[in-house]
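Read the figures in this text as sums done on the coordinates, not as results from a lab. Keep in mind it's a predicted model, so treat the numbers as computed, not measured.
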Amino acid sequence: MTTAFDLGAMLGGGQMQIREISCDSLQPYHNHKFTLYTGERLDDMVESIRENGVLSPIVVQSLQNGTYEILIGHNRWNAAKLAGRSTVPAIVKEGLSESEAEMYVIESNLMQRGFENLAISEQAAVIAQRHSEMFSQGKRSDIVRELQMLEHLDADEEKPTSCPMGEKLH
């Protein structure tokens, strides 16, 4: 019997706190397998952040040395730095296991880009993670639901926006 994944505990008792974190206090996930945006896609993101700020918070986990490791939002962080921003809005996750952190990284990239748009090495990472998590499907499902909710979170309102579920970020 598997233990149910406690999404409420992961979200901090049902209340997500978004806070501004210095770009200098952030570092990429230690096992990040996905390429960052380049070219026109990156340029468009930088311009959007210059005009509107970072509209969707990144997700990080705190490290023991007072810095944070990015789980979701590597491209937003990179574009924010290029746009001259000194901080980004972030949701801080505490107490994640290594497999949970990896799940956030992989599932969020899969949701945003789609499997067919991933490089072969990135597709392999998705398949490997899915295979290793096959026996904890409930945990994966809970994280996917949370990521869908976070994808439509307005950073200023701290509540989901009215965007339809499943809509990809452009």
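P(r) tail for the range 66-111: Cα pairs beyond 15 Å make up 49% of the total.
Hydrodynamic estimate: the Kirkwood radius of the range 12-74 over Cα pairs, inserted into Stokes-Einstein at 4 °C and 1.567 mPa s, corresponds to D of 96 µm²/s. The 3J(HN,Hα) values that the Karplus relation (6.51, -1.76, 1.60; θ = phi - 60°) gives for the range 25-31 are, in residue order, 8, 10, 9, x, 4, 4, 10 Hz. Gly and Pro appear as x.
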